[in-house]
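Notes to accompany the following structure.
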Amino acid sequence: MMHRHIKYGIVTLAILLAGCRMSVSLTGGTVDARAKTVAITTFPNNATLINPTLSQTFTTALKDKIQGQTPLTIVDNDGDYTMEGEITGYTVNPAAIQSNDTPAMNRLTITVRVRFYNKFDESLNFDQSFSRYADYYSSQNLSSVEAGLVADITDALTDDIFNKAFVNW
């Protein structure tokens, strides 16, 4: 008798779920159940100061983030979701001035403009700039710390972009 109630409960639950539109939740975010693909174009580096590897580094990191955190397949174009944009800023500025008017720290800032399109819910589309920075001691040569700073900033930027697109913060 008990097994029959469990069987009916499972069948009822299956019928209810079959009639609902579901979404997949990942790390607090959602991907529409109908979505299978995301198109991510290469983000060209249009900043005044050019890091020759930044475009490829950033684009690859964004693809890796989305591929690792969602069930979506990366495609070249015509995805259920689309991300495109450009790197608009790559600057180094003093971050902390000492008493003798020389910088104790410098700040590397990267800014990326992202356009996100959601084929299923246009209210979630956005066109937004994201900016992150990392500080380093002015006694260090930028070229000696640049790769690590870029990696840290890129991680933070891709987290911000992922959260905006899929966690809707």
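The residues of the stretch 67-88 that are small (Gly, Ala, Ser) and surrounded by 16 or more Cβ atoms within 10 Å (Cβ to Cβ), listed by number, are Gly79, Gly85. As a summary of the residue check, Ser99 satisfies the conditions (1) among the hydroxyl-bearing types (Ser, Thr, Tyr); (2) farther than 21 Å from Asp159 by Cβ; (3) at pLDDT 90 or above except for the one numbered (3). State yes or no: is Arg4 modelled with pLDDT under 95 and either within 20 Å of Gly79 (Cβ to Cβ) or part of a strand (DSSP E or B) (or both)? So Arg4 does not fit the description; no.
The listed residues are Asp135, Asp121, and the only one of them that is of a type in the set (D, E, K, R), touching a strand residue (DSSP E or B) at 6+ places or on another chain (Cβ under 6 Å) and either farther than 26 Å from Ala39 by Cα or surrounded by fewer than 18 Cβ atoms within 10 Å (Cβ to Cβ) (or both) turns out to be Asp135.
Give the residues of the stretch 156-169 that are closer than 15 Å to Ala61 by Cβ and either hydroxyl-bearing (Ser, Thr, Tyr) or loosely packed, with under 13 Cβ neighbours inside 10 Å (or both), sorted by residue number. Scanning the stretch 156-169 gives a single hit, Thr158. Considering Thr53, Thr42, Thr57, the condition of being modelled with pLDDT of 95 or more, of a type outside the set (A, V, I, L, M) and within 18 Å of Tyr117 (Cβ to Cβ) is satisfied by Thr42 alone.
The values are calculated or read from the model by the stated rules, or taken from the named source; none is laboratory data. In this text, all values refer to a predicted model and were calculated from it rather than measured experimentally. So basically every Cβ, Gly included, is an ideal-geometry build from the backbone, and we count neighbours across all protein chains shown.
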